[in-house]
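Comments concern the structure below.
The values are calculated or read from the model by the stated rules, or taken from the named source; none is laboratory data. Because the structure is predicted, anything quoted here is derived from the model rather than measured. Counting neighbours? That spans all protein chains shown, and the Cβs are built from the backbone with ideal geometry, glycine included. What goes into the accessible areas is simple: the full protein's heavy atoms, side chains included, and nothing from ligands, DNA or RNA. Shrake-Rupley method; radii C 1.70, N 1.55, O 1.52, S 1.80 Å.
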Amino acid sequence: MQPALERELIVSGVVLLALATLVEVTALVRRRPSFVVTAACFAGATGFFLAAIVGRWVRESQGPFLTLYDILLSNGFSLALLLLLITSLSAPVRATLLVASPLLLMMGIWLLDAPATAVPLPATFDNYWLWAHVVSGKIFLGFCLAATGIAVAMLLRGLIKAPRASYLVPEPERAEQALWALFFIAFICHSFMLVAGSVWAHSAWGKYWSWDPLETWTLVTWLILGGVLHARVAFKKMPAGLGHALVVAAFAVAFLTFFGVPFFSIAPHKGLM
Amino acid sequence: MYESAMIRTAKKLASLRLTLVGMLMLAVLAVLGVRSDAVSIDMTTIPLVLLAMNLVAALMTNRTLRTQAGLLVFHVGLLMVFGLIGLSVLTRFDGHVEVAQGAGFEPAAVTTTANGWLHDNRLDGIEFYQSDIRVDYLPRLVRQETRSTVEYRGADGAMHRATIGDKVGFEVDGYRFLATFNKGFALLLHWQDDTGAEAIGAVNFLSFPRHDWNQVTTWTTPAGQEVELEIDFDEPYFNDDSAWTLKATDVPYRVNVTPTDRATVAVREGDAVRVDGGTLRVADLRLWMGYRIDYLPFLPWMLVAAMLAIAGLAIHFASRYLPGAATARTLTDAEGGAHAARA
């Protein structure tokens, strides 16, 4: 696949995410259900991003693992797919799309601005543990985003007037239960990502842990995720809003770890000659 | 009800709020330890020990933790990971060494980067010899497969061959030898002093192709004179626009030998040059391979413990969030309440 076609596919996906964002906001203002339209946009974006990934993979003979462009493209695909699946399976979770749509749109615009030049994957990096590490990381981020979207919706619910608030989160108790279930799955996936990453690192550059910036911030993210779960038990009278704010904070750190830290350092994750 | 002082202390130590303090300390010290020279990363040991003590105390005193299978498995697994990290730090060895083609592994040449207090160094008992080295490259110095062949003496006393690759190490007596990106040319030199005494040895040049523009090194002769040696190929060793392989070469070369305060003399393979106290002859051009050596006997067990912890999380999730879990939890709570009433 030619790079121009790859870009057209990505632009198409980004346009659909913009449409999904517009639909979600309009639906909130008009208080009319929008899930089918938003889901269709997400399905389309997932398809376009997948086609771009496959085309790039065939052209470059390697998966999307190394550059900011690769990471944004593969996460654009995985997040859109996971949110589509999660919201299709569970109605109380659908409020998350109001937050997830603009976030994915922002990532898509960022992707269009990122340099598309491929960086060859070092020979030592390519093994099964890389796959385990990357896939679990993407599932973690998807579930964490889904939980965060609900948390933001719950926080907004407390700020806006009653009819619209009821539309935003029609079943707050079920949404609350779903939020923590999703957050717990995210914690499990993050734990596995950390372990798989250590095994992969031991094979790829000989050390299972070397305190490089990405490893350190991944550990910090894990501690924050674990800390939020412990805080719920330690402070039983903690206001629900504070719990939701902590979930949002955990996602913010995870997001920065995924898309910020690896690209501001010369960490081994970028490989050596 | 009577409680011993130990149990009272353990209950205080088991506080979930202390867990949060430990986690916060660990996160802050990890970030500071990586970013600031003023804080050593070793400081993370303090919150790790605190968290381990907190966890042991919680397992001793927190009934919920002991009665919920998932939570119990997760926390026991986590405690095992803590313990195994501690054991690994105490028993580990980490170092690196360069071995030239045709030469044997010399334990004295190993640079040690980490040596645990309880590590019983057995490198002296390891015997292997460096054989063929091949490293494939794509254009623009993109490194591909490394194949470094070694000959080693097995437990049966016979010599065996093994090829160390990017994904395959070479393990002897628990020590793992991994080929690194670090490798280069080694010049085999023959030395004969004025009394007729001879010696032969290899001088390793800077890593290649990383320093392909600077294949220069200095070496001190057995007679004490410092000489600068430079490898000068008659034609480019590789073409960066096509794929190539770093291997023992037949590309013609000369060696520029510059003794201190003397003029440079260019010599070909087999030629000799007179320096203070003796004669230096260029015998051969070979390769050297850099190896990373580690000894981490508890690493597989750390993986087992970590996977056990993750399995515990999955069990806890299933018991708490999957359909039917609410009913089961209500029953468990009721049983727990009855148990507490009887006590």
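Data for the structure
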read-out	value
Accessible surface, the stretch B:187-285, averaged per residue in Å² (probe 1.4 Å)	52
Folded to 0 to 90 degrees: helix B:69-91 orientation relative to chain B principal axis, Cα	30
Percent accessible area from carbon and sulfur atoms, chain B, protein chains only, probe 1.4 Å	56
Per residue accessible area of the stretch A:1-116, 1.4 Å probe, in Å²	43
Within the accessible area of chain A (1.4 Å probe), percent carbon and sulfur	72
Rg in Å to one decimal, and Dmax rounded to a whole Å, for the stretch B:1-92 via C-alpha atoms	15.1, 51
Heavy-atom accessible area order for B:232, B:276, largest first, 1.4 Å probe	B:276, B:232
Viscosity 0.692 mPa s, 37 °C: Kirkwood-radius Stokes-Einstein D of the stretch A:1-116 over Cα pairs, µm²/s	231
Minimum 10 Å² accessible area buried by the other protein chains, the stretch B:147-196 residues, probe 1.4 Å, relative to alone	B:166, B:167, B:176, B:178, B:181
Pairwise centroid distance, computed over Cα atoms, of the stretch B:282-324 with the stretch B:231-267, Å	42
Per residue, in Å², the accessible surface of the stretch A:125-273 once ligands and nucleic acids are set aside, probe 1.4 Å	41
The stretch A:197-217 versus the stretch B:1-58: alpha-carbon centroid distance in Å	24
Other protein chain Cβ atoms within 10 Å, averaged over every residue that makes up A:187-195	4
Rounded Å value of the spacing that divides the Cα centres of the stretch A:90-110 and the stretch B:138-163	50
B/A buried area, accessible surface, summed, 1.4 Å probe, Å²	3800
